[in-house]
Amino acid sequence: MATAPLRPLETSVLAEIDRARLVELTGELIAAGGENPGGTEAATVAILDRVLTGLGAIVHLDEVAPGRANLTAHLGGDRTGGGLLFLGHSDVVPAGHGWDADAFTPREKQGRLIGRGATDMKGGLAAVIAAMAAVHAHHPQLPLSLVCTVDEEADAIGIAHYVATEPVGSYTGCVVAEPTDLVAIVGCRGAANFGLQITGASAHAGRPADGASAIQAAAEIIAEIGQDTERLAAAAHPVLGAATWNIGTIAGGHGTSIVPDTCEMSLDRRLLPGEDAHLILEHLLDRIRERLQTASMPGREKITVRGQLQMQMPGFLTDADSAVVAGMRQAVRDVSGAGELGIWTASCEGGYMAEHHQVPTLVLGPGEINTQAHQPNESVEIDDLLTAARAYALFALRHASNNAPTPSH
């Protein structure tokens, strides 16, 4: 699809987006940190609050946990919401090791801005704010909103609190500013985290039949999950692909000469639309217990298995031919991007918004999740920051025009 000519208002709005200011804001957000686990998002939220309030937004901070507040900001209209909604998160993963310099001291190198969160997702947040500011400067009545949650990188308590307490709004679409390399992501699977606790009976390793090995029971569970993975692969979604399992951690036992009486496992399960994580856990536990009844292991009758749902994040799927998707792809093309379409292997909080507000949702942002996010020397292309901000602004203008109420006669 070819680029479209810009209207005078669009040209004026895009000219408002300043590269240096965008880089400065991104760097300020990087320096604010917000490692999760290990810190709070308070410094990042304080910057967002200050900048958005300075633009004239009504900003609401809703504390989810001490020092951890969700931020909701409304610009334009009656400053209570409606129109286009942007979504982001204020936390970052821990810096970890392997950096060439301090992870939270932003620095430019060869056209990239380096620092923890540059890609995931301080750059996306800065681009959203730059776009909101530019649009508001020339079209102050156009309603724009930003929701920025805490704890996205761990247990998603921020978004869970938001959907439990925030009324359904009159939004017309949602753009999640996660790093997609400026590809319009129209769907992703959801995710659920489960914890399993296996209890057996200890005994001397010289007489293992006197006990019941929790680790051996865990091996049976791993085999059961492997079988379920094959079943899921055979029932893949035509667009999103198959639901999957991943065994993230396993720990148990007390020593080489002791039959282990405890073992714990953490599991990741990617969800297809319509799947319920509570039912998935219930069915898994049922299959595990059935398997253990016939397992060829000593003391199997002494084994107990408990499980908890620790986190779930719904997926979403937006019609690739919808006006929202087509409009964003065109906006990206019109600011010199490729305007590509895709599906994500990651999960994000967009599914919550799609479900809660019942709006078409897509994910698009600067940076690349697989090669940059959650890695040492995380960085984002500065040109991509600018392209994202310009695309957001252009899309916001056109989206508002396309969703304007029809005059009554």
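Taken together, the values in this text are just the output of simple stated rules run on the coordinates, not laboratory data. If you're wondering where the values come from, they're calculated on a predicted model, not measured in any experiment. A quick note on method: Cβ atoms are made from the backbone with ideal geometry, for glycine too, and the neighbour counts reach across all protein chains shown.
For the chain, modelled as a GNM whose springs connect Cα atoms under 10 angstrom apart, the maximal fluctuation among Asp155, Asp120, Asp100 occurs at Asp100. State the Cα centre-to-centre distance between the range 1-69 and the range 261-303 in whole Å. The distance from the Cα centre of the range 1-69 to that of the range 261-303 comes to 43 Å.
Taking R0 as 22 Å, what's the FRET efficiency between Arg287 and Val239 from their Cβ-Cβ distance, rounded to 0.05?
Approximately 0.20, to the nearest 0.05.
The gain in end-to-end length when the His374 to Gln141 segment is fully stretched comes to 80.1 nm, 0.36 nm per residue minus the alpha carbon separation.
In a fully extended conformation the segment linking Glu166 and Ala154 would gain 2.2 nm over its present Cα-Cα distance, using 0.36 nm per residue.
Site pair His204 and Ala65 shows an inter-label distance of 4.6 nm when each label is modelled 7 Å from Cα along Cα→Cβ.
Report the net charge of residues surrounding Asp276, where surrounding means a beta-carbon distance below 15 angstrom and charges are Lys +1, Arg +1, Asp -1, Glu -1. Provide the component values of the computation, followed by the final result.
Details: positive: Arg189, Arg269, Arg270; negative: Glu275, Glu282, Asp286, Glu355.
After counting each charged neighbour, the total is -1.
Counting only alpha carbon atoms, the long axis of helix 123-138 and the longest principal axis of the chain meet at about 30°.
Helix 382-402 and the longest principal axis of the Cα set of the chain meet at an angle near 70°. Taking Ala164, Ala320, Ala389 as the candidate residues, the one with maximal mean-square fluctuation in a Gaussian network model of the chain, Cα springs under 10 Å, is Ala164.
If you place +1 on the Cβ of every Lys and Arg, -1 on the Cβ of every Asp and Glu, and leave all else neutral, what size is the dipole of the chain about its Cα centre, to the nearest 20 Debye? It would help to have the intermediate numbers written out before the result.
Working: 26 positive and 48 negative charges, 59 e Å.
My answer is approximately 280 debye.
For Ala46 and Asp276, the FRET efficiency from 1/(1 + (r/R0)^6), where r spans their Cβ atoms and R0 equals 51 Å, is about 0.85. If R0 is 51 Å, the Cβ-Cβ spacing of Ala15 and Asn246 corresponds to a FRET efficiency of close to 0.65. Only DSSP H runs of four or more residues enter the estimate; each adds -39500 (n - 2.57), and after division by the residues of the chain the mean residue ellipticity at 222 nm equals -11000 deg cm²/dmol.
The mean sequence distance of close C-alpha pairs (under 8 Å, at least 6 residues apart), as a share of the length of the chain, puts its relative contact order at 24 percent.
Angle check, please: helix 214-234 long axis (alpha carbons) against the longest principal axis of the chain (alpha carbons), in degrees 0 to 90, nearest 10. Tilt relative to the chain: about 50 degrees. Restricting the calculation to alpha carbons of the range 190-313 gives Rg and Dmax of 15.6, 53 angstrom.
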